[in-house]
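The block underneath contains the structure these notes are about, expressed in C-alpha cells.
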Amino acid sequence: MRIILSDLKDHFDHAYVCSPPSTLELLQQNGLILTDDFFTVYPVDGNKLIGERFAYLYQRATEDAQPDQILHLCYLDRMSFALEGQYRKLFLADVDSFTADDLPLIFQRSQYAWETHPQNYRQLEGIVTAVGKNLFGRELDYGWCHIIVQAKQLREIMPLVKNPDLSMVAEMIFYMQEDIKTRDVDWLAWEDPFILGRDADELKREREQSLNETNKRLKYVLPMLETLTRLSKNRRK
C-alpha cells in the first residue's frame with residue numbers, strides 16, 4: 001500500500017473503503033489507512049453478501065462526497081496491478097484524461113485485455129455482453145472492473161439496485177446505460193498472475209481446465225442474465 005499511496009494521492013481526491021471485521025483487524029494492525037485522512041473506512045457486517053457490501057460502500061460514498069466529486073468504482077487488486085505492473089503509465093494517463101462530460105464512463109477490457117483472461121472466464125462474461133446487446137442495443141461490459149461516475153449520478157441509481165450478489169454490478173449498468181460512455185483499455189488485463197506471483201500462461205491453463213473456475217463465473221453470470229432479462233421486460237410494460 002505504501003508503494004502506491006503517492007500515486008493514489010496524486011491522481012485521486014479521496015479513497016472510500018468498505019471493510020468486514022476480519023479485514024478491519026488487519027488495517028488496525030497496519031495503522032496506515034485508519035490514521036490517514038485520505039481514506040474513509042466503512043465497517044460492514046462480514047455476513048453480508050458481496051453485492052450488499054458494494055451497495056453499502058457506494059451509497060455511503062455518495063452521502064459523504066460532494067455531488068460533483070468524481071468517484072472511481074474499482075477493485076483493490078485491479079488497482080494494485082494497474083499501478084505496480086507494466087501498465088502503470090497507461091493507467092494513469094487514462095484516469096487523468098477525461099472531463100465531467102465523459103461521465104459516467106466504463107473502462108472496458110480491450111480485446112487484448114480479454115485475451116489474457118482464461119477462456120472460460122472470457123466466454124461466460126461475453127454471454128452477458130451479447131445478451132445485453134440484443135436486449136438494449138449496446139455492447140457493454142456488465143461485469144465491469146472500473147467505472148468513473150460523479151457522486152450525484154451514482155446517488156440517483158443506488159436506491160434502484162436490489163440484487164445482493166455480484167450481479168448487482170450489471171444492474172447498475174442497466175440504470176446508467178442511456179448515458180454511459182465506454183473506453184477499451186489494455187490495463188484491465190488479467191490481474192491474478194501478478195497478485196498471486198504465478199506464471200501467467202501456466203495459471204491460465206489451470207483455470208481453463210478448472211470446473212471451479214467455470215462454476216465461480218456462472219454464480220454471477222446466470223443471475224446477471226436473469227436480471228437483464230427481467231429488467232428488459234419491466235421496461236417494456
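Descriptive notes on the structure:
- Selection of segment 140-164 for residues being among the acidic types (Asp, Glu) and farther than 23 Å from residue 124 by Cβ yields only 156.
- Only one of the listed residues (141, 165, 179) is under 27 Å from residue 88 (Cβ atoms) and not aliphatic (A, V, I, L, M). That residue is 141.
- Of the candidates 42, 16, the single residue that is open to solvent by less than 20 Å² (accessible area, probe 1.4 Å) and farther than 21 Å from residue 180 by Cα is 42.
- When 97, 110 are screened for being over 21 Å from residue 227 (Cβ atoms) and in contact (Cβ under 8 Å) with a residue 24 or more places away in the chain, only 110 passes.
- Checking each residue in segment 95-122 for being open to solvent by less than 30 Å² (accessible area, probe 1.4 Å) and in contact with a strand residue (DSSP E or B) (Cβ under 6 Å, 6 or more places away or on another chain) picks out 103, 104, 105, 106, 107, 108, 110.
- Subset of segment 167-188 (residues that are under 14 Å from the mean Cα position of the chain (by Cα) and over 14 Å from residue 141 (Cα atoms)): 187
The values are calculated or read from the model by the stated rules, or taken from the named source; none is laboratory data. In this text, all values refer to a predicted model and were calculated from it rather than measured experimentally. Neighbour counts run over all protein chains shown; Cβ positions are idealised from the backbone, glycine included. Protein only, heavy atoms only, side chains kept; ligands, DNA and RNA dropped before computing areas. Shrake-Rupley method; radii C 1.70, N 1.55, O 1.52, S 1.80 Å.
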